[in-house]
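Asks: This is the structure I have questions about; it appears just below.
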Amino acid sequence: NRPLLPLPWDDDELDVVVSLAGLHHLEDKRELFTEIARVLKPGARFILSDVAEGSATARFLDGFVGDHNSTGHDGRYLGERTFEELQAAGWHIASSQQQDFTWNFMDREEMGDFAYHLFDICKSTPHGAADAIERELGIVHLPDGRIGMNWSLLTIACVKPELHSTTR
């Protein structure tokens, strides 16, 4: 296994970094936020989208998923501390928005099977996963007959400040 840090790029090399639903597994994000700032060009963007503290998604992951998969689940979700850590690493926060959406499936059976495999639900069944999703996250019946599993992520858009030179 290769360590995550340091990132394998030179200073000011990248135009954008996107992190989607993975950082909640990282206890201390400060070093990563600083390292991402190092590899991004001035004016470049860092887009972070992950589960928010206290959300139904967080409760589902740490509750049902944690109780029924092979490794447990104890997420370190996005919240006020995240904003403080980003600002301490030098980021300008351009926007943040809680985004609610659905994962769409042909039927309840397909939804349960998907969650069963995605989250390694080895201590329950696909039917049990579908029951937990309906109970804890909720589902919506779509106009075309499919169903949607409710999900939510907090998306934070950050900008690396431009370098300002002073002339005398």
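The values are calculated or read from the model by the stated rules, or taken from the named source; none is laboratory data. What you see is a predicted model, and the numbers here were worked out from it, not measured in a lab. Neighbour counts run over all protein chains shown; Cβ positions are idealised from the backbone, glycine included. All accessible areas refer to the heavy atoms of the entire protein, side chains included, with ligands and DNA or RNA removed. Shrake-Rupley method; radii C 1.70, N 1.55, O 1.52, S 1.80 Å.
Asks: Tally up the residues in segment 63-90 that are small (Gly, Ala, Ser) and outside any helix (DSSP H, G or I), please.
Replies: Number of matching residues: 6.
Asks: Out of (1) open to solvent by less than 40 Å² (accessible area, probe 1.4 Å); (2) within 21 Å of residue 125 (Cβ to Cβ); (3) modelled with pLDDT of 95 or more, what's the single condition that is false for residue 72?
Replies: Checking residue 72 against (1) open to solvent by less than 40 Å² (accessible area, probe 1.4 Å); (2) within 21 Å of residue 125 (Cβ to Cβ); (3) modelled with pLDDT of 95 or more, the one that fails is (3).
Asks: Can you list the strands (runs of 3 or more DSSP E) found entirely within segment 91-168 that contain at least 3 residues being under 24 Å from residue 21 (Cα atoms), in contact with a Ser or Thr (Cβ under 9 Å, 6 or more places away or on another chain) and of a type in the set (A, V, I, L, M)?
Replies: Details: elements: 92-105, 139-141, 147-159.
Here the list reads 147-159.
Asks: Further, regarding this structure: I need the full set of residues from segment 11-27 which are in a helix (DSSP H, G or I) and over 24 Å from residue 81 (Cβ atoms), in order please. Lay out the reasoning, then the answer.
Replies: So the first thing to find is which residues in segment 11-27 are in a helix (DSSP H, G or I), and the list is 23-25.
Hits for segment 11-27: nothing passes.
Condition check ((1) free of Cβ contacts under 8 Å to residues at least 40 places away in the same chain; (2) within 21 Å of residue 118 (Cα to Cα); (3) among the aliphatic types (A, V, I, L, M); (4) in contact with a Pro (Cβ under 8 Å, 6 or more places away or on another chain)) across all residues:
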position	(1), (2), (3), (4)
13	yes, no, no, no
44	no, no, yes, no
47	no, no, yes, no
63	no, yes, no, no
71	no, yes, no, no
85	no, no, no, no
